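The numbers here are math on the coordinates, done by the rules we state, and not lab data. Just so it is clear, the model here is predicted, and its values are computed rather than measured. Every residue, glycine as well, gets a Cβ built from its backbone with ideal geometry; the counts of neighbours run over all protein chains shown.
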Ligand code: SF4
């Protein structure tokens with residue numbers, strides 16, 4: 001089990017997360033990426049998505065690595 005944590009308000013819309021993990025990320029017309037299927041955590045003001053599939057976890061770790069402003073974190 002891993003959790004993707006996304007600080008959407010600080011996304012700059014670079015889109016590299018979408019290239020790394022296209023099943024989980026898409027560009028929103030507002031210019032920021034959406035983490036597909038996430039839930040918003042009101043306490044932290046971040047979006048969260050739990051993953052169990054090793055391939056999906058790997059792809060999202062790659063998305064976290066390529067994000068130029070480090071707004072994606074994957075916690076194992
Ligand atoms: S790579 Fe980072 S800054 Fe770029 S769209 Fe994805 S989350 Fe936003």
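Every residue in the range 12-39 that is in a strand (DSSP E or B) and either surrounded by 13 or more Cβ atoms within 10 Å (Cβ to Cβ) or within 7 Å of the ligand (Cβ to nearest atom) (or both), please. The answer is 25, 26, 27, 33, 34, 35.
May I ask you to verify whether residue 56 is within 15 Å of the ligand (Cβ to nearest atom) and more than 14 Å from residue 7 (Cα to Cα)? No.
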